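Let me begin by presenting the structure, written as structure tokens, before commenting on it.
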Amino acid sequence: MKDRQHEQEQDHQQDHQQNHQQETPGTADIEGGSPAEGPACEPAVDETEPTAAESGDGSGPLQAEPELEQLKQQWEQERAELVSRLLRLKADFDNYKRRNEAQIEMIRATANQNLLTGLLPVIDNFERAIAAGEEDSPYLAGVRMIFNQLMECLQKEGLAPVDAVGKPFDPTVHEAVSMEGGPGEDLIVIEELQKGYYYKDKLLRASMVKVAPKQQHEEE
Amino acid sequence: MGKVIGIDLGTTNSVVAVLEGGEPVVIPNSEGSRTTPSVVAFTKDGERLVGQVAKRQAVTNPDRTIMSIKRHMGTDHTVAIDGKKYTPQEISAMILRKLKEEAENYLGETVTQAVITVPAYFTDSQRQATKDAGAIAGLEVLRIINEPTAASLAYGLDKEQEQTVLVYDLGGGTFDVSILELDKGYIGVKATSGNNRLGGDDFDERIMRYLIDEFKKETGVDLSKDKMAMQRLKEAAEKAKIELSGLMQTNINLPFISASDAGPLHMDISLTRAKFNELTADLVEATMGPLHRALEDAGLKPGDIDRVILVGGSTRIPAVQEAIKKVMGKEPYKGINPDECVAMGAAIQAGVLSGEFEKGQGLVLVDVTPLSLGIET
């Protein structure tokens with residue numbers, strides 16, 4: 001009997017042994033029986049149970065108790081870790097989902113942004129070409145018409161120039177490359193060196209500007 | 001426990017990253033950029049600007065725009081604005097606060113803790129100043145780690161066997177070499193060297209100067225006096241440099257760059273990689289001195305180095321990689337964006353400290369030991 005009992009200690013059966021070992025009216029309800037009924041209902045739970053119960057006075061289960069406690073703690077700890085990991089992953093995933101949706105929406109809204117950004121230097125050069133043309137030349141007039149055609153088309157897609165000359169200097173949309181006059185209050189944009197653009201309310205490129213204090217500029 | 005962010009607080013640019021699902025992710029700022037200029041400005045109305053916006057108004061407000069504050073960390077240097085004196089910690093805190101806010105916007109939750117990187121040669125007082133800057137910004141700095149250490153974490157080298165690593169970091173305006181010893185979660189700094197006035201901007205300038213000279217030879221016009229032309233040249237030079245990392249030749253096309261009595265003038269110059277290498281050979285060579293010095297200080301030969309890691313955007317330049325390979329006798333380790341790998345390493349360390357990593361995986365006990373580190377300034 002004892003030998004068999006020791007074998008059983010090796011694995012999960014310890015659990016049942018402990019239940020019986022400690023059986024008192026208060027704790028025995030795990031298997032729905034009192035100590036006396038124990039063996040009768042055991043087959044339903046586990047075939048090896050009777051041996052455990054019969055030899056319940058052996059020293060084996062008593063020794064197992066600290067181990068069990070340790071195992072329980074270990075499991076609880078592992079469980080807590082797993083739950084915490086799960087919660088983290090869930091939070092990560094929720095965030096990911098939320099951002100992903102926002103990102104898809106953004107990509108949809110600004111699908112042309114890269115293309116437009118690449119086109120900006122071409123537009124700049126187009127404007128430079130027009131500025132360098134001979135006034136009153138029919139050729140220039142034609143080129144200007146083509147340029148306007150292009151810009152109209154891009155504006156329909158959401159491209160819009162940044163207001164610059166005469167406006168108060170605003171570093172959120174203007175990039176100052178030079179400053180005239182001394183430092184002073186109320187800076188305004190006095191010249192635009194390169195146009196800035198928005199694409200659907202988003203700044204694509206800041207306008208490159210020359211600034212001066214408003215007062216000094218007006219005095220000139 | 002909330003997310004802990006990793007911050008690369010740089011001299012010219014800063015980057016913030018966070019661990020998501022076990023992977024470091026760089027957080028873009030509200031302007032959509034992955035790096036934020038380390039620039040702070042005070043407007044006349046007393047408003048504070050940080051990042052790209054501060055940079056855009058710098059020429060209008062030079063006395064009240066602060067750049068490269070990192071160079072002053074840990075010193076008594078102060079910046080006086082409207083009668084109030086600001087310490088380097090306070091200025092750095094403004095940059096950190098902006099990065100914290102960007103991270104909060106991105107994550108949708110409050111962020112209160114961070115890991116911040118510093119150069120390996122930073123002294124205790126410089127490290128403390130960085131920590132203080134974090135506290136002022138409302139961030140509990142869980143750890144200050146060395147930039148090269150962060151880079152090696154980004155590459156996962158801490159998980160490999162014991163090894164010696166050389167980190168070559170060529171940033172926008174500073175150059176650092178560090179030699180690290182990695183051994184089962186312990187990372188020690190054996191030597192550092194560098195030049196804090198050498199960086200990628202110097203390479204751009206060489207291209208600009210070449211273009212100006214060529215144009216003058218061709219047309220007799222000196223573009224260096226024309227602000228608008230110089231602005232266009234600067235952008236074109238940077239673009240050419242980037243293109244030459246992948247191509248053997250690039251074209252610099254700047255129509256209507258200037259005008260003469262005969263009409264408009266255009267720039268159309270092709271630049272080969274060979275010519276670019278020739279123009280910048282001395283800059284590349286200038287990084288070799290500190291590299292040899294670091295090896296000497298560590299008492300090591302090139303053959304003793306197991307791995308070479310590249311950090312900083314300018315390490316994309318093929319001539320830089322070739323020069324390193326020639327001296328070290330091995331191919332440098334790459335694969336992670338060199339502009340972002342320090343911030344990514346900081347995010348990994350942040351993840352370890354916040355328990356984001358499960359046990360046994362990436363459990364690093366980084367031990368930072370700045371030895372007597374000679375630096376050349």
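Residue by residue through region B:256-296, note down the ones that are without any contact (Cβ under 8 Å) to a residue 12 or more places away in the chain and crowded, with 17+ Cβ neighbours inside 10 Å.
Of everything in region B:256-296, just one residue is without any contact (Cβ under 8 Å) to a residue 12 or more places away in the chain and crowded, with 17+ Cβ neighbours inside 10 Å, namely B:Phe256.
Please indicate, with yes or no, whether at least one residue in region A:183-203 is farther than 23 Å from B:Gln52 by Cβ and within 11 Å of chain B (Cβ to nearest Cβ). Break it down into steps so the answer makes sense when it comes.
From region A:183-203, those farther than 23 Å from B:Gln52 by Cβ are A:184-185; that's our starting set.
Okay, now just the ones that are also within 11 Å of chain B (Cβ to nearest Cβ), so A:184-185.
Among the residues of region A:183-203, at least one is farther than 23 Å from B:Gln52 by Cβ and within 11 Å of chain B (Cβ to nearest Cβ), which makes the answer yes.
If I filter region A:158-180 for residues that are more than 36 Å from the chain's Cα centre (by Cα), surrounded by fewer than 17 Cβ atoms within 10 Å (Cβ to Cβ), within 11 Å of chain B (Cβ to nearest Cβ) and part of a loop (DSSP other than H, G, I, E, B), do I get at least one hit?
For region A:158-180, residues more than 36 Å from the chain's Cα centre (by Cα), surrounded by fewer than 17 Cβ atoms within 10 Å (Cβ to Cβ), within 11 Å of chain B (Cβ to nearest Cβ) and part of a loop (DSSP other than H, G, I, E, B): present.
Given the condition within 11 Å of chain B (Cβ to nearest Cβ) and in contact with a helix residue (DSSP H, G or I) (Cβ under 7 Å, 6 or more places away or on another chain), answer yes or no: does some residue in region A:211-220 qualify?
Start the filter on region A:211-220 by keeping residues that are within 11 Å of chain B (Cβ to nearest Cβ), which leaves A:211-213.
When the remaining residues are screened for being in contact with a helix residue (DSSP H, G or I) (Cβ under 7 Å, 6 or more places away or on another chain), the result is A:211.
Within region A:211-220, one or more residues are within 11 Å of chain B (Cβ to nearest Cβ) and in contact with a helix residue (DSSP H, G or I) (Cβ under 7 Å, 6 or more places away or on another chain).
Taking B:Pro37 as meeting all but one of (1) in contact with a Lys or Arg (Cβ under 8 Å, 6 or more places away or on another chain); (2) facing chain A (nearest Cβ under 9 Å), write down the number of the exception.
(2)
Residues that are modelled with pLDDT of 95 or more and of a type in the set (Asp, Glu): list the strands (runs of 3 or more DSSP E) wholly contained in region B:1-53 that include at least 1 such residues. Lay out the reasoning, then the answer.
On the way: elements: B:4-8, B:13-20, B:23-26, B:39-42, B:48-50.
Of the strands (runs of 3 or more DSSP E) lying wholly inside region B:1-53, those with at least 1 residues that are modelled with pLDDT of 95 or more and of a type in the set (Asp, Glu) span B:4-8.
Quick one: how many residues across region B:247-269 are at the interface with another protein chain (Cβ under 9 Å from one of its Cβ atoms), under 13 Å from B:Ala237 (Cα atoms) and out of contact with any helix residue (DSSP H, G or I) (no Cβ under 6 Å at 6 or more places or on another chain)?
Taking region B:247-269 as the starting set, the residues that turn out to be at the interface with another protein chain (Cβ under 9 Å from one of its Cβ atoms) are B:253-257, B:259, B:263-264.
Checking which are under 13 Å from B:Ala237 (Cα atoms) leaves us with B:253-254.
Next cut, out of contact with any helix residue (DSSP H, G or I) (no Cβ under 6 Å at 6 or more places or on another chain) only: B:253.
Of the residues in that region, 1 qualify.
Considering only residues of region A:100-135 that are among the small types (Gly, Ala, Ser) and assigned to a helix (DSSP H, G or I), which is farthest from B:Ala236 (Cα to Cα)? Reasoning before the result, please.
Step one: of region A:100-135, the residues among the small types (Gly, Ala, Ser) are A:102, A:109, A:111, A:118, A:129, A:131-133.
Subset that is assigned to a helix (DSSP H, G or I): A:102, A:109, A:118, A:129, A:131.
Numbers: A:Ala102: 34, A:Ala109: 30, A:Gly118: 14, A:Ala129: 18, A:Ala131: 21 Å.
Ranking the qualifying residues of region A:100-135, first place goes to A:Ala102.
Within the set of pairs 6 or more residues apart or between chains, which connect a residue that is part of a strand (DSSP E or B) and at pLDDT 90 or above inside region A:183-207 to a residue that is acidic (Asp, Glu) and surrounded by 20 or more Cβ atoms within 10 Å (Cβ to Cβ) with Cβ atoms less than 9 Å apart?
A:Gln194/A:Glu175; A:Arg205/A:Glu175; A:Ser207/A:Glu175
Before we move on, is A:Glu76 part of a helix (DSSP H, G or I), out of contact with any Cys (no Cβ under 9 Å at 6 or more places or on another chain) and away from every other protein chain (no Cβ under 14 Å)? Show your work before the answer.
Numbers: part of a helix (DSSP H, G or I): yes; out of contact with any Cys (no Cβ under 9 Å at 6 or more places or on another chain): yes; away from every other protein chain (no Cβ under 14 Å): yes.
Answer is yes for this residue.
In region A:56-77, what residues are among the charged types (D, E, K, R) and at pLDDT 70 or above?
Going through region A:56-77, the residues among the charged types (D, E, K, R) turn out to be A:57, A:65, A:67, A:69, A:72, A:76.
Passing the criteria: A:Glu65, A:Glu67, A:Glu69, A:Lys72, A:Glu76.
For A:Asn114, state whether it is farther than 30 Å from A:Leu187 by Cβ, touching a helix residue (DSSP H, G or I) at 6+ places or on another chain (Cβ under 8 Å), modelled with pLDDT under 90 and of a type in the set (S, T, N, Q).
no
Take region B:75-97 and flag every residue that is surrounded by 20 or more Cβ atoms within 10 Å (Cβ to Cβ) and farther than 22 Å from B:Ala17 by Cα.
Going through region B:75-97, the residues surrounded by 20 or more Cβ atoms within 10 Å (Cβ to Cβ) turn out to be B:87-89, B:91-96.
Hits for region B:75-97 are B:Thr87, B:Pro88.
Testing B:Lys70 on (1) at pLDDT 95 or above; (2) assigned to a strand (DSSP E or B), one condition comes back false. Which one is that?
Every condition holds for B:Lys70 apart from (2).
Only one of B:Leu170, B:Leu157, B:Leu180 is away from chain A (no Cβ under 14 Å), surrounded by fewer than 24 Cβ atoms within 10 Å (Cβ to Cβ) and aliphatic (A, V, I, L, M). Can you tell me which? Even if it seems obvious, please write down each step before you answer.
Working: B:Leu170 fails: surrounded by fewer than 24 Cβ atoms within 10 Å (Cβ to Cβ); B:Leu180 fails: surrounded by fewer than 24 Cβ atoms within 10 Å (Cβ to Cβ).
On inspection, the qualifying residue turns out to be B:Leu157.
State whether one or more residues within region B:18-36 are within 14 Å of the chain's Cα centre (by Cα) and not hydroxyl-bearing (Ser, Thr, Tyr). Outline the logic, then answer.
Step one: list which residues in region B:18-36 are within 14 Å of the chain's Cα centre (by Cα), which gives B:34-36.
Narrowing the set further to residues that are not hydroxyl-bearing (Ser, Thr, Tyr) leaves B:34.
Within region B:18-36 (the criterion being within 14 Å of the chain's Cα centre (by Cα) and not hydroxyl-bearing (Ser, Thr, Tyr)), the answer is yes, since at least one residue qualifies.
The values are calculated or read from the model by the stated rules, or taken from the named source; none is laboratory data. Quick caveat: nothing in here was measured; it's all calculated off a predicted structure. All Cβ positions, even for glycine, are placed from backbone atoms using ideal geometry, and neighbour counts span all protein chains on display.
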